[in-house]
Amino acid sequence: MSMLPQAHPPADLISAEIAIVGSGPGGAVTGMLLAQAGRDVVMLEEGAHVEVDAYRAFSPEEMHAKLRNNGMTMALGPSPVAFWEARCVGGGSEVNRGLYHRPSPEVIAAWAERQSIEALSPEDMTDLALEGEKVAKISTLPGPAPKVSLKLAEGAEAMGWSHMEVPRLYSYGADWQSAPQPGLKQSMSATYIPAFVAAGGRLQTGIRVTGLRRENGIWRLKARARGIWGQKTIEIRAKTVFIACGATQTPALLRRSGIKRHVGDSLAYHSMIKVVARFDEEITGDTPLDPVHQVKHFDPRFSLGASVSNPATTAFALSDRPDLLPRLASEWRHWGCYYAQSTGGMGTVRRLPGFEDPLIRAKDNPQDIEDLSAGLRALCECLFAAGAQAIYPNIQGAADLYGPQDLARLPRRLDPATVSLSTLHLTATCPMGAEDRGSVCDSFGRVWGAEDLYLADSAMLPGPTVVNPQGTIMAMARRNMNHFLH
Ligand SMILES: Cc1cc2nc3c(=O)[nH]c(=O)nc-3n(C[C@H](O)[C@H](O)[C@H](O)COP(=O)(O)OP(=O)(O)OC[C@H]3O[C@@H](n4cnc5c(N)ncnc54)[C@H](O)[C@@H]3O)c2cc1C
């Protein structure tokens, strides 16, 4: 049964005291707290509401229903970087695995200092995360982790490296083994957004905000209906606006609206490279639970992790190894997908006249390539220590590896021209901070030089989160909202 009211077509003119653009983790936390404080709020979301468990996770049907451009989005650069962006009620929380970390104390302390951010402390951010966990629950697995995940832990143990089972934003049912889904993902559409609506917030789906301007103390937002509502132009009027469209769409909207200073100049992302490892035994398809292990021993340079390993995700992880695809159907249960992820990806976001989506450029960052190269080597060492029989790096023309003796065949330094990188964690395109620190908004998300205009999402974070970002985005949105309301 749906936790949200039936979607309805938009009126030509929508008025509210406060408008929030975007309903991902940043927008959803902001909306719930505002509505619960008794404010008159409308949340505007470009995508549709799709039940969190309507489709099998990571199935082509889910990607079609919930991702922008079916997931085919790219940053151009020395090596192209593929990334996924959600477009649905709840944003990225609907399509992600919900791997959850509280904000990293080291990262928060570094942000506070580098950006001269007022009243930002690691201790407060932990408390804010704990508050948030009362609404979107986190849990560890109710049973043994899938073998594909345990292999990573076994390898790390053998290498003497610290590793962990990462908790998920997930509530497992007592019947997790037999039910069609092991429980309910604690996505925004299952937690914060129903709470927002219950507190009187209005949710308008299927409209894309294309620009905003201020007139006589009121923000006027121009929007276009899309999807089932057909083509139609809508105006939204609000005294105060929070933008939470995600790390690429927030700067795109600001730039389209003529707000450009430092906007989109400092994209930060976690770069990911994948390998597929073959084991003698079957390691996938043995349980409905998702892989959850990560090796954090090398933070903040890089981390290692186990990924969902079904035929579709394995094919994606072998995008540069088409020679292996004919074996996929018969062998996939023996194959596991793993990644090394560094934290130094950098780029820009710019408006491309005539196009709806912005142009994302990845910059050359030699240190990030160094870190990723070291991460790839460590990942292969770890998987051989866990008993992998073969490792197939996702690099054009790369040699297959059959044991630790083959590690020397890995490139010492990855060549950006031959690797396919991807990212799921984008931030920092409109960073918070003191005005002289290249920031777009102040210590609490208020956009410099614009009255009653705030940012509330991954775009406002001052850099990469090092850990999976959703917990940090939500804690920061809660912090800034507490400041706004008091
Ligand atoms: C496949 C995948 C797996 C991931 N796995 C994890 C994980 O396990 N753990 C973790 O912590 N993080 C994970 N992430 C990252 C995490 O989901 C994102 O960092 C987070 O969702 C970003 O939140 P946000 O509020 O900034 O924006 P988003 O979640 O991107 O939400 C923005 C929303 O705004 C809407 N919007 C955009 N432009 C407009 C407009 N002009 N008008 C109206 N609406 C608009 C979009 O449709 C979208 O719904 C993953 C991401 C992906 C894609």
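The values are calculated or read from the model by the stated rules, or taken from the named source; none is laboratory data. Only a predicted model underlies this, so the values are computations on that prediction, with no experimental measurement involved. Here the Cβ is made from the backbone with ideal geometry for all residues, glycine too, and neighbour counts use every protein chain on show. SASA here: full protein model, heavy atoms, side chains in, ligands and nucleic acids out. Shrake-Rupley method; radii C 1.70, N 1.55, O 1.52, S 1.80 Å.
Key figures for this structure:
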| read-out | value |
| --- | --- |
| Lone unmet requirement of (1) open to solvent by less than 20 Å² (accessible area, probe 1.4 Å); (2) in a helix (DSSP H, G or I) for residue 388 | (2) |
| Selection count, the range 138-153, where residues are surrounded by fewer than 18 Cβ atoms within 10 Å (Cβ to Cβ) and either at pLDDT 95 or above or under 20 Å from residue 299 (Cα atoms) (or both) | 2 |
| Selection count where residues are assigned to a strand (DSSP E or B) and either near the ligand (Cβ under 7 Å from one of its atoms) or free of Cβ contacts under 8 Å to residues at least 40 places away in the same chain (or both), scope the range 74-112 | 3 |
| Options 306, 329; residue that is open to solvent by less than 60 Å² (accessible area, probe 1.4 Å) and either more than 25 Å from residue 397 (Cβ to Cβ) or of a type in the set (A, V, I, L, M, F, W, C) (or both) | 306 |
| Residue among 407, 424 that alone is within 10 Å of the ligand (Cβ to nearest atom) and surrounded by fewer than 24 Cβ atoms within 10 Å (Cβ to Cβ) | 424 |
| Odd one out for residue 289, checked against (1) part of a loop (DSSP other than H, G, I, E, B); (2) open to solvent by 20 Å² or more (accessible area, probe 1.4 Å); (3) assigned by TED's automatic domain parsing to the domain that holds residue 370 | (2) |
| Residue identified as outside any strand (DSSP E or B) and modelled with pLDDT of 95 or more among 32, 63 | 32 |
| Residue that is farthest from the ligand (Cβ to nearest atom) [pool: residues in the range 441-486 that are within 23 Å of residue 45 (Cα to Cα) and of a type in the set (Val, Ile, Thr)] | 447 |
| Answer residue from the range 476-486, given it is crowded, with 24+ Cβ neighbours inside 10 Å and touching a Gly at 6+ places or on another chain (Cβ under 7 Å) and is farthest from residue 247 (Cα to Cα) among those | 480 |
| Meets criteria (of a type in the set (D, E, K, R), free of Cβ contacts under 8 Å to residues at least 60 places away in the same chain and outside the structural domain of residue 471 (by TED's automatic domain parsing)) for residue 157 | yes |
